[in-house]
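Q: Once you've had a glance at the structure underneath, I'll fire off some questions.
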Amino acid sequence: MSKTATAVSVALLTAFAAASAHAQDSANSAELRADSAALAYRNAVVPAPPGWKGPTFKLAHDYPTQDPGTCPKTECTWLDLKVDFTLPLSGPAPTWGSPWSDYIQRVLDYVKKGQDEALRNEIGWKTTIGNDNRWFHVPWMAYDPTRGREYVHGMTNERTATLSDFGEDVEIDRGISKLLLANGQESNKFFETWAFGVYNRWGAYSIGRTIGRNGVPVTGNYGGVAAPAGLPFPEGTVVAKLLFTTATPADVSYLKDSPAWQTDRHEQKGDMFLCNRKVQEVRLIQLDVAVVDSRSPTRWVFGTFAWNGNKQGKTAWDKLEPVGLQWGSDPWTFPAVAQSGSIPAHESVLNKGIGTPQHFGCNERLAGPVDNKLSSCLSCHGGGFAPPVGFAATKTTTPPIFGFNGQCEVNSVDNAQYFSNNQFPMAYTGGQYPDLLSMDTSLQLQVAFEQYGQFKQYGQPVGCKASK
Ligand code: HEC
């Protein structure tokens, strides 16, 4: 371990120890004695008001307790498709078309099975299909009053620049973004993103063994490394995430006919988003998928679809066009290496003939319409690490997944780390975070660990405070 890494590590441990002392001090607070199970498994930050007649979100947390075993090839059909995730670096970069387009289509066919064809608000996302408990949610995501789950569809907002934040600490990331308009120009307005994610039963088998019925995260030992007890996610795991924007077809014409869902989201005042929430409409713009495929160098394959209202099709599902697939962060491509030694990205394949304007991610890596274009799916998700159980996260104790100075701009240590590949249970590249637990790319589990830590240490969530 390098000298700096050791120094940082000691600093981190000291931070955790200091935080622990603080936790002792506040151990008597009433909030802290609240039942962690109730907080972990509650449906929403605020329940639906009396008289609410719209859809109401219900957390699916009946995680399987039996190992679902190997996913049959008839079910996980993409695993049966011949694809090469280790293309020779000296050869050509992959281009869109078969088998990549077949791979993502097979995953989509699995995801949409039994769901409403028009993806109507009234129906929402079905977690049970027939007698099958098909989809499950991650606990602890209804704790933070600002970003946590709302009661209509269980959507969360990753980070929002709020009124009180302006002028102090403006941070632009996934929670709020500019969009590409139909003419390819960036909007001058900001839009919020609200989203929800679901795991299939292979993923849920891991979640159920990682967060106890009492709401407390459980760790074990994986090959000598401390790690969440239910990880890694087994092959067969499928995760889907539906992302909705506050933009309307009047703002962005290709959002035409996009399913409009109600969500209890932040009120808006001009271009600013306030702490207060009220039920308003948002529109489907992006659908993310992630699957475990042991042939991938990271064990994961991420893919995304973008809404295109101008596309012909009978169902809403037909109007979701694939943007691309990604199975690694391309550590041989700028800015992970200098421009002079950079090769074209080999671990992302992009659908450049897609019918809507796309910015994609950093240097031809994959990112979707509402994602940060200086990032990519797996470089952000590769930073899925959380502090030891019971500790809240701070900006300096976890990798800067939402951005840092010079991101995607210069070849630097930060960029080399951010655009590197790691596999569970490896530590984050670079060695500065030896005490963190690997979440095997799950940023929802990261939220769960961090929210539990916040609860345990401070007895109350961090919420946004409205300025007068
Ligand atoms: C800059 C960071 C960032 C980028 C880039 C990003 N994500 Fe995520 N993603 C998140 C965060 C944070 C969450 C968890 C919070 C939530 O779901 O509300 C998440 C959640 C997810 C989930 C639900 C499972 C999980 O890991 O928690 C999936 C699936 C997903 N993202 C897929 C994608 C795909 C596909 C892409 C690229 C097209 C992508 N993400 C790009 C930050 C990112």
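Bear in mind that the values in this text are calculations on the coordinates, not laboratory data. Owing to the predicted nature of the structure, the values given are computational and were not obtained by experimental measurement. So basically every Cβ, Gly included, is an ideal-geometry build from the backbone, and we count neighbours across all protein chains shown.
Q: Just to be sure I understand the model, the point goes 7 Å from the Cα along the line to the Cβ. What's the resulting residue 435 to residue 310 distance in nm?
A: The two pseudo-label positions are separated by 5.3 nm.
Q: Skipping prolines and chain starts, which residues have an amide H placed within reach, meaning under 5 Å, of the one on residue 42, given they are 5 or more residues away or on another chain?
A: 140
Q: Counting C-alpha atoms alone, how compact is the chain: give Rg to one decimal and Dmax as a whole number, in angstrom.
A: Answer for the chain, Rg first and Dmax second: 21.3, 64 Å.
Q: Quick one: go through region 307-331 and flag any residue whose amide nitrogen is under 12 Å from the point 7 Å out along the Cα-to-Cβ line of residue 182.
A: Label zone hits: 309-311.
Q: Give the peptides 322-335, 145-158 in descending order of average Cβ contacts within 10 Å, highest first. Don't jump to the answer; show the numbers that get you there.
A: On the way: 322-335: 25.4, 145-158: 23.1.
So the order, starting with the most tightly packed, is 322-335, 145-158.
Q: Here's a follow-up. Which of the peptides 127-139, 268-280, 200-212 is most tightly packed, and how do the rest follow, going by the mean number of other Cβ atoms within 10 Å of each residue? Mind dumping the intermediate values first?
A: Numbers: 127-139: 17.6, 268-280: 15.2, 200-212: 23.2.
Result, highest mean first: 200-212, 127-139, 268-280.
Q: Counting only helical runs of four or more DSSP H residues, what would the 222 nm mean residue ellipticity of the chain come to if each run contributes -39,500 (n - 2.57) and the total is spread over all its residues?
A: On the way: 8 runs with 82 residues, N = 468.
Counting only the DSSP helices, I get -5000 deg cm²/dmol.
Q: Please give the direction-averaged projected area of the C-alpha convex hull for region 72-112, in square nanometres with one decimal. Before the final figure, lay out each step's value.
A: Numbers: hull surface 13.0 nm².
The Cα convex hull of region 72-112, projected and averaged over all directions, gives 3.3 nm².
Q: Same structure again: With an 8 Å Cα cut-off and a minimum separation of 6 or more residues, compute the relative contact order for the chain in percent. Can you show the working numbers first?
A: Values: 1038 pairs, mean separation 83.7, N = 468.
Across the chain, relative contact order equals 18 percent.
Q: Round to the nearest 0.05 the FRET efficiency obtained for residue 67 and residue 338 when R0 = 60 Å and r is the Cβ-Cβ distance.
A: Details: r = 46 Å, r/R0 = 0.77.
Efficiency, rounded to the nearest 0.05: 0.85.
Q: Sorted by mean Cβ packing within 10 Å, highest first, what order do the peptides 287-299, 308-320 take? Don't skip to the answer; put the middle values down first.
A: Numbers: 287-299: 21.1, 308-320: 15.9.
So the order, starting with the most tightly packed, is 287-299, 308-320.
Q: Long-range amide H contacts for residue 293: which residues qualify at under 5 Å (H placed 1.01 Å from N, peptide plane, sequence gap of 5 or more or a different chain)?
A: Result for residue 293 returns 300, 301.
Q: Oh, and also: So how far apart, in nm, are the two label points at residue 82 and residue 221 if each is 7 Å from Cα heading toward Cβ?
A: Each label point lies 7 Å from its Cα, and together they span 4.4 nm.
Q: Could I ask something else about it? Go through the chain and flag any cysteine with no other cysteine's C-beta closer than 4.7 Å, please.
A: Flagged as lacking a Cys partner: 377, 380.
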